[in-house]
1. Given the condition surrounded by 22 or more Cβ atoms within 10 Å (Cβ to Cβ) and aromatic (Phe, Trp, Tyr), answer yes or no: does some residue in region 163-182 qualify?
2. Name every residue in region 138-162 that is under 12 Å from the mean Cα position of the chain (by Cα) and surrounded by 22 or more Cβ atoms within 10 Å (Cβ to Cβ), in order of residue number.
3. Would you mention how many residues in region 59-75 are touching a residue at least 60 places away in the same chain (Cβ under 8 Å) and under 23 Å from GLN114 (Cα atoms)?
4. Which helices (runs of 4 or more DSSP H) sit wholly inside region 84-193 and have at least 1 residues that are at pLDDT 95 or above, charged (D, E, K, R) and under 26 Å from LEU64 (Cα atoms)?
5. Could you grab me the full set of residues in region 62-94 that are surrounded by 13 or more Cβ atoms within 10 Å (Cβ to Cβ) and of a type outside the set (A, V, I, L, M, F, W, C)?
6. Quickly run through region 95-137 and pick out the residues that are surrounded by 21 or more Cβ atoms within 10 Å (Cβ to Cβ) and over 17 Å from VAL153 (Cβ atoms).
7. Among the residues of region 63-84, is any assigned by TED's automatic domain parsing to the domain that holds GLU113, farther than 20 Å from ASN158 by Cβ and touching a Leu at 6+ places or on another chain (Cβ under 6 Å)?
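The values are calculated or read from the model by the stated rules, or taken from the named source; none is laboratory data. What you see is a predicted model, and the numbers here were worked out from it, not measured in a lab. Heads up, the Cβs are rebuilt from the backbone with ideal geometry, glycines too, and the neighbour counts pull from every protein chain shown.
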Amino acid sequence: MQGSLRTRLWITVVATATLCLAALAGGGPSAAAAPAAKPGIITSAGQSSDAVMVNVLANTQLKLGLDFDPLVQAESLAGYRTLVVVVGASAKGLGAAGINEEQEMARVTALLEQAKAQDAFVLLMHVGGTARRGPSSNPLIEAVAAYADAMIVVRSGNEDGFFTQLAQEYGIPLTEVERIVDAREPLSRLFGA
């Protein structure tokens, strides 16, 4: 009887340890609790066409059902549980939106403050590569990284280790992908889709 009890206890300990290790590895019961929740909204930080591409990826291909507003204001964020910020500045895009870099930074900062206030999950995405880096984009990237809960970045945009450094500084999980199309899997995983 004593041996049988010891065996059952040992099996229970091993099973519990296995479940814990599976959860830490991304499997098991806790994997069902995705960090990004709906409703969610995709916006731009810099008004580049990259946000449109992420919208197509998330909604047309993955069918995540996220809202899309490249110019969403902080007061319109109420009720959203996830904010996807696609970072990359475009002088042409800013001009078409009728705003300058300072106005865009003010909008994005207010949006991030509101997301923090309502405990929304913030995902930074940078899919434009080296073309969307530089003196216009980098300050926006740094501003969003300070609030981000996760980052998905096309590898060519991180050749200088800029995103790696921000991820380490703020303790943010960083996922690098080769091309924007490769962002499907990590994006889907974040939303538990």
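1. Yes: region 163-182 contains one or more residues that are surrounded by 22 or more Cβ atoms within 10 Å (Cβ to Cβ) and aromatic (Phe, Trp, Tyr).
2. Correct list: VAL144, ALA145, ALA148, MET151, ILE152, VAL153.
3. 1
4. 101-117, 184-190
5. ASP67, ASP69, PRO70, SER76, TYR80, ARG81, THR82, GLY88, SER90, GLY93
6. The answer is GLU104, VAL108, LEU111, LEU112, ALA115, ALA120.
7. yes
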